[in-house]
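Worksheet for the structure shown next.
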Amino acid sequence: MIEKGKVAVLYNPKDVRIEETNIKQPTQEQALIKVKACGVCPTDVRSYTGLRQGGYPRTLGHEWVGEIIEIGSDFQGFKIGDRVSADWRVVCGKCYYCRKGIFNYCQKTQNEKVKGGFAEYGVAIASNLRLIPDNVSYEEATFTEPLACCINGSKNTNISFGDDVVIIGSGPIGMLHIQLAKHQGARVIVSDPIESRLEMAKELGADDTINPNKDDVVKKVMDMTN
């Protein structure tokens, strides 16, 4: 049984300390997971810089993936050695918002059942784990949660074949939206003030790009689409 592990603890804005601590042992319904990679979300950055405060000390990181190394007696659906992505939000599935499919507003979350992030080890219940395909690396799998957010947003836009889609900002989320819109058959126009991001946008399938520091975005889009 593994008892100790390192964890990055945020005590105050810009005060992160790497500490060795006792590992949270899995309950009967949980698995112990060796964290292999963790994405850095803008919420993590805002917490680190102080734009988002509270809850100190705490461990950041919710886009984490890893390998199952121990399982509880009642844990089912996965086995030791499986590569998994963990969903940090544990919802009840029964409240008004869950029944509506608006899970981020769940009134009875049990997030303590999934713990990981910027740490060597994490725990999770089976219902909040997703198996990582063999052809997907751990680093790529950290995009599971942000990609799911983008897919949710993309579905709400009803993008269809032949549509003109303008994406404002080609950071990581914008880059994901580019690929989703192209997958749905749209013509994609991307606006971003950083030239290197516009170049990457083109590599990922953007049909046209606009630098708002050089051109009037609205006029440029109107010229491109009329």
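Read-outs throughout are calculated quantities, based only on the coordinates presented, and are distinct from any laboratory measurement. None of these values were measured; they are calculated from a predicted model. Neighbour counts are summed over all protein chains in view; Cβ atoms, including those assigned to glycine, are modelled from backbone coordinates with ideal geometry.
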How far apart, in nm, are the 7 Å Cα→Cβ label points at THR225 and GLU19? 5.1 nm
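Fewest first, what order do VAL45, VAL114 take by the number of other Cβ atoms within 10 Å? Display every interim value, and only then the final one.
Details: VAL45 12, VAL114 23.
Fewest to most other Cβ atoms nearby, the residues stand as VAL45, VAL114.
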For the chain, the dipole about the Cα centre with charges only on Cβ (Lys and Arg +1, Asp and Glu -1), to the nearest 20 debye, works out at 820 debye
Along the positive direction of the dipole of the stretch 4-133 (beta-carbon charges: Lys, Arg +1; Asp, Glu -1; about the Cα centre), which of VAL35, ILE102, VAL7 reaches farthest? ILE102
Along the Cα→Cβ direction, 7 angstrom out, place labels at ASN135 and LYS100. What is the inter-label distance in nm? 3.9 nm
Computed ³J(HN,Hα) along the stretch 104-120: with the Karplus parameters 6.51/-1.76/1.60, θ = phi - 60°, integer Hz and x for glycine or proline, the list is 5, 9, 3, 8, 9, 5, 10, 5, 5, 7, 10, 9, x, x, 7, 8, 6
Classify the stretch 4-53: rounded, prolate or oblate, from the alpha-carbon gyration tensor (a ≥ b ≥ c, eigenvalue square roots; a/c under 1.5 rounded; otherwise prolate if a/b is larger than b/c)? prolate
Excluding residues fewer than 8 places away in the same chain, name every one of the lysines whose C-alpha is closer than 23 Å to that of LYS6. LYS14, LYS24, LYS34, LYS36, LYS113, LYS115
What is the chain by shape, rounded, prolate or oblate, if you read a ≥ b ≥ c off the alpha carbon gyration tensor as root eigenvalues and call it rounded for a/c under 1.5, prolate for a/b larger than b/c, and oblate otherwise? prolate
Can you list the chymotrypsin sites (Phe, Trp or Tyr not before Pro) in the stretch 127-226 that are in a DSSP coil and have 12 or fewer other beta carbons within 10 angstrom? PHE161
Note the angle between two axes, namely the Cα long axis of helix 144-157 and the longest principal axis of the Cα atoms of the chain, as a number of degrees from 0 to 90, rounded to the nearest 10. 40 degrees
Most mobile listed residue (ALA37, ALA126, ALA148) in the chain, GNM with C-alpha springs under 10 Å: ALA148
Distance in nm between label sites at GLN28 and ASN156, each 7 Å beyond Cα in the beta-carbon direction? 4.0 nm
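Using Cα pairs under 8 angstrom and six or more residues apart, how large is the relative contact order of the chain, in percent? Walk me through the numbers before you get to the answer.
Values: 445 pairs, mean separation 35.9, N = 226.
Relative contact order, the chain: 16 percent.
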Low-density loop cleavage sites - trypsin sites (Lys or Arg not before Pro) in the stretch 27-83, where at most 12 other Cβ are within 10 Å (DSSP): LYS79
Under 21 Å from the Cα of LYS220 - lysines, other chains or at least 8 residues apart: LYS182, LYS202
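State, as an integer percentage, the relative contact order of the stretch 90-214 based on alpha-carbon contacts under 8 Å between residues 6 or more apart. Let's see the in-between values first.
On the way: 159 pairs, mean separation 18.0, N = 125.
Normalised by residue count, the contact order of the stretch 90-214 is 14 percent.
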With n ≥ 4 as the cut-off for DSSP H runs, can you work out [θ] at 222 nm for the chain, using -39500 (n - 2.57) per run divided by the number of residues, rounded to the nearest 500? -7500 deg cm²/dmol
Distance between the stretch 135-195 and the stretch 52-114 - C-alpha centres, whole angstrom: 25 Å
Nonlocal amide H pairs with GLY5, under 5 Å, H built at 1.01 Å: THR21, ILE23
